[in-house]
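Written out below as structure tokens is the structure these notes cover.
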Amino acid sequence: MTQTVDDVRDLVQQADLGGRKPVGAAHAILAGVCIVWSLLQLWYASPLPFAFNVFILNDTEMRALHLGFGLFAGYLAYPLRKSSPRDRIPAQDWVFAAVGAFCGAYLFLFYRELATRPGQPTPLDFATAIVGMALLLEATRRVVGPPLAIIAGLMLVYAFAGPWMPDVIQHKGVSLSKAVSHYWLSTEGVFGVAVGVSASYIFLFVLFGSLLEKAGAGNYFIKVAFAFLGHMRGGPAKAAVVSSGMMGMISGSSVANVVTCGTFTIPLMKRVGYSAEKAGAIETAAGVDGQIMPPVMGAAAFLMAEYVGVSYAEICKNAALPATISYIALFYIVHLEACKAGIKGLPPRPGSSALGRVAGILMTLCGLVIFANVIYYALGWLKDVFPNGALWIVLALIGVVYVALLRVVAAEPDLVVDDPNAAVIELPPLKETVLAGLHYLLPVVLLIWVLMVEHLSPGLSAFYATVLLIAILLTQKPLIAMFRGESAPLSRLARGWHDLIDGLGGGARNMIGIAVATAAAGIVVGTVSITGFGLVMTDLVETVSAGNMIGMLFLVAVICIILGMGMPTTASYIVVSTLMAPVVVELGAQSGLVVPLVAVHMFVFYFGLMADVTPPVGLAAFAASAISRGDYLRTGFTAFWYSIRTGILPFMFIFNTELLLIGVHSFPHLAMTVVAAVAAMLVFAAATQGWFITKSRWYESVAMLVVTFTLLRPDFWMDFLYPKYDVEPAQKLTELASAVPAGSGLRLRIEGTTVEGREVKKTVLLPLGDEAPVAQRFSRSGLTTMTLPTGVQVAAVGLHSAADRAGFEQGFTITGVETLAPRPAKEWFFLPGLAVLGAVVLLQRRRASATASAAGVVAQT
């Protein structure tokens, strides 16, 4: 086992932290730079600069420093090629690191000078931009891999070689002076929104995850999952799914998630009967799906909030149900695989009973639910009574609870990492295991409080949670030693300090890839904005799909998978959202399908992420196969098959946005949506695995697929019977807008000629926000109209407003307003779907009973 774990950890070292492990002074410098980077990010996110009026950085300056640190650390941590030395840093890499840091931090170093001459680059500007772009592409190749570097390089070639391109993608080209200003000296290219979000939000959450892992939360999550689930059929695999889901909530890396849990879960899965390939595939699917799990979502949640123009909390709400039902379906797939292979769980602890385990689980869950509700309502009451001092009261309460929990922890033995290859493995005790790490949840409680109740920014929220986590790292070992009556408890402080230093350095090294990737993806974003390449992609997809909506979505999904191959989650999302999200919005509008922008971005994000499990590039599958010693390609293809359940969700929530909890305004509606979605994914898992109660026949699998479709999109059948919308004349625009509820909008049919000269005729959704006078709601949306004898015309559109994002342009004509037509509730179609499912259940039960009877006769004979 030791050699396998070491080999895999080396793989993670190369993939996530860089392959180098320098010694001596080089190690101290690299570690010191990473620690300083983490401290700088904490300073920037905190209120301290404004409190002391010292070293206040604006967004542009921080973006430059962020990339400067990323390039410097990237060249020190990542070698030129596989044969390069790992224990030392060659002289040329020191030079590249220093020059890269200077180029990256150029906007910070010469901020005032650049502000006085916008659009007029000097020779030093030219040299810095050209050298910086070259070093950024090389750093991208080293850190992230060739795919993103190649895409960014091709985008630069396209920008300069526009006049010589084929007619379909031709443009007038970009001058060197304009390129320097656009890509490097402004916030339209490399230093754009992506790097800004990386510097403002992502770093703090990645650092939070790193420190949480150092505190011992990773081992705690795994042990809790095994304590709950290890005794069940296929228990180790089910524990792998749950523990990977919990780790994925705080992890920004698919590979790290797979390896952290997989070194323990994969050998155990093999021991109870799963093949090496299936064990690796289960861990791969679970680890990669952690990237769709709020609150971090592989750091894409913060970028999505910025691109879509909604709050981070709203993105988490939209992502919660699809991620949850995807994990529930994987859990069920694991169960079906265990049923097919006759796999049992691990033996229960001596002296424990099934009733006792169930009672323990229920008591623990009920205790957590009661505790969560008490905290929520108590803290909510505090916020109402003490609006300005509630945060300090909450911090004091958390301190009291923390000390009390450590007294409980001190009464139990320390959690240790078991050897999954040991001859005998015993399940950990449930109650003691759960209690041993509850204090790890306190920073998460504080994070949710300041984010959801105090309504602080994600960066400031992560800062407060990280400070609390640092306090836990430093004090948990001394306090536990004190409660146990051990001598010299303060001597344990040194161990906590060591963990803190490692966590600060590890968090920064985890961020190298994200910082470099977001900067390189900025080249793609900059090229799209400076050349109009997005319109080219729209025309290309429309031509190939022949205007068919399903064909268009399938083509976009395939392109997103191809674009996402070999790229980390963050970079993949930036690229696919920049190139493909506008395509879905525009072509959907032309087909009369109005899709909320968040649903489109979730669609492309999911399929960009599917590249992580798609052979031959999926690194997560490679890491899992290295642990399981199974065939890499078979592991990858099996993981891809398991992940098909995740792949159908985007197609469903494009047409049924209730799966993203959009338009769900009551508890019964929420309950109906959740139950139907979970049932649909379980039925889909059974259909794709060919096993429900017993082995399915082909027509039963087809029937279950139809049931899945009906439960996820019942309005498809209703549309055959009743029209979904009535069209009102545009002159009723003001009257209809006054009746739109808060948080909703109007579906408007518009037509006109764009600034590029293209004739447009489409349906769009104009968000109207909170309730207010009609004129004010239109003003907030950025839309100004005037009524003419021929109709309603768009007089003005606010830049970057909701109307601008929806696709309005000055001079467009509003030809009609779509309103919901009266028709029966679409949920009525759940009844025939459930009837078909009931028929499948009866057929399989009858067949299973006949098989059992025949087996009994044979046994008696």
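The values are calculated or read from the model by the stated rules, or taken from the named source; none is laboratory data. Everything numeric in this text was worked out from a predicted model, so none of it was measured. Cβ placement follows ideal geometry from the backbone for every residue including glycine, while neighbour counts extend to all protein chains displayed. Only protein heavy atoms, including side chains, enter the accessible area calculation; ligands, DNA and RNA are left aside. Shrake-Rupley method; radii C 1.70, N 1.55, O 1.52, S 1.80 Å.
Can you flag which of Lys214/Lys238; Lys172/Lys762; Lys278/Lys477 are past 32 Å Cα-Cα? In this structure, Lys278/Lys477 lie more than 32 Å apart at Cα. 3J(HN,Hα) along the range 321-334: 5, x, 5, 5, 5, 5, 5, 4, 5, 5, 4, 6, 4, 4 Hz, from the Karplus curve 6.51 cos²θ - 1.76 cosθ + 1.60 with θ = phi - 60°, whole Hz, x for Gly and Pro. Modelled spin labels at Ser177 and Asp715, positioned 7 Å past Cα toward Cβ, are 5.2 nm from each other. Once the C-beta distance of Glu412 and Val558 is scaled by a Förster radius of 60 Å, the resulting FRET efficiency is 0.70 to the nearest 0.05.
Taking square-rooted eigenvalues a ≥ b ≥ c of the alpha carbon gyration tensor, is the range 575-730 rounded, prolate or oblate, where a/c under 1.5 means rounded and, failing that, a/b exceeding b/c means prolate?
Numbers: a/c = 2.38, a/b = 1.40, b/c = 1.70.
Oblate shape, in that a/c is at least 1.5 and b/c is the bigger or equal ratio.
On the basis of the beta-carbon distance and an R0 of 22 Å, Ala835 and Lys724 show a calculated FRET efficiency of 0.35.
Protection proxy ranking for 158-171, 795-808, using the average of other Cβ atoms within 10 Å per residue and placing the highest first: 795-808, 158-171.
Couplings 3J(HN,Hα) for the range 501-511, derived from phi with the Karplus relation 6.51 cos²θ - 1.76 cosθ + 1.60 (θ = phi - 60°), are 4, 5, x, 5, x, x, x, 5, 5, 5, 7 Hz, where x marks Gly and Pro. Looking at the range 629-749, the accessible area is 46 square angstrom per residue; that uses a 1.4 Å probe and ignores ligands, DNA and RNA. For the chain, the Cβ-based charge dipole about the Cα centre amounts to some 1840 debye (Lys, Arg positive; Asp, Glu negative; other atoms uncharged). Between Ala28 and Thr543, the contour length at 0.36 nm per residue exceeds the alpha carbon distance by 179.8 nm.
Where Lys and Arg each count +1 and Asp and Glu each count -1, what net charge lies around Phe692 among other residues with Cβ under 14 Å from its Cβ? Don't skip to the answer; put the middle values down first.
Values: positive: Lys340, Lys695, Arg697, Arg845, Arg846, Arg847; negative: Glu337, Glu700.
Within the 14 Å Cβ shell, the charges total +4.
Roughly speaking, to the nearest percent, how much of the chain's 1.4 Å accessible area is carbon and sulfur? Roughly 67 percent of what the probe reaches on the chain is carbon or sulfur.
For the range 172-257, run through the trypsin sites (Lys or Arg not before Pro) and keep only the ones in DSSP coil with at most 12 other Cβ atoms within 10 Å of their Cβ.
Details: sites: Lys172, Lys178, Lys214, Lys223, Arg233, Lys238; in loops: Lys172, Arg233.
For trypsin sites (Lys or Arg not before Pro) across the range 172-257 that sit outside H, G, I, E and B with at most 12 neighbouring Cβ atoms in 10 Å, the list reads Lys172.
A simple packing score, the average count of other Cβ atoms within 10 Å per residue, orders the peptides 773-783, 36-46, 261-271 as 261-271, 36-46, 773-783, with the highest score first.
For Ala621, the shell of other residues with beta-carbons less than 11 Å away shows a net charge of -3, using +1 for Lys and Arg and -1 for Asp and Glu.
The protection proxy used here, the mean number of other Cβ atoms lying within 10 Å of each residue, ranks peptides 548-554, 466-472 as follows, highest first: 466-472, 548-554.
At a Förster radius of 56 Å, what calculated FRET efficiency corresponds to the Cβ-Cβ distance of Ile150 and Ile393, to the nearest 0.05? It comes out at approximately 0.55. Here are several values of log10 I(q)/I(0) by the Debye sum over Cα atoms at q = 0.06 Å⁻¹: (i) -0.42; (ii) -0.48; (iii) -0.52. Which one was derived from the coordinates shown? The calculated read-out lines up with (i).
For the range 554-562, putting each phi into the Karplus relation 6.51 cos²θ - 1.76 cosθ + 1.60 with θ = phi - 60° gives couplings of 5, 5, 4, 4, 5, 4, 5, 5, 5 Hz, in residue order, rounded to whole numbers and with x for Gly and Pro. The label-point distance for Thr187 and Thr754, in a model that sets each label 7 Å from Cα toward Cβ, rounds to 2.6 nm.
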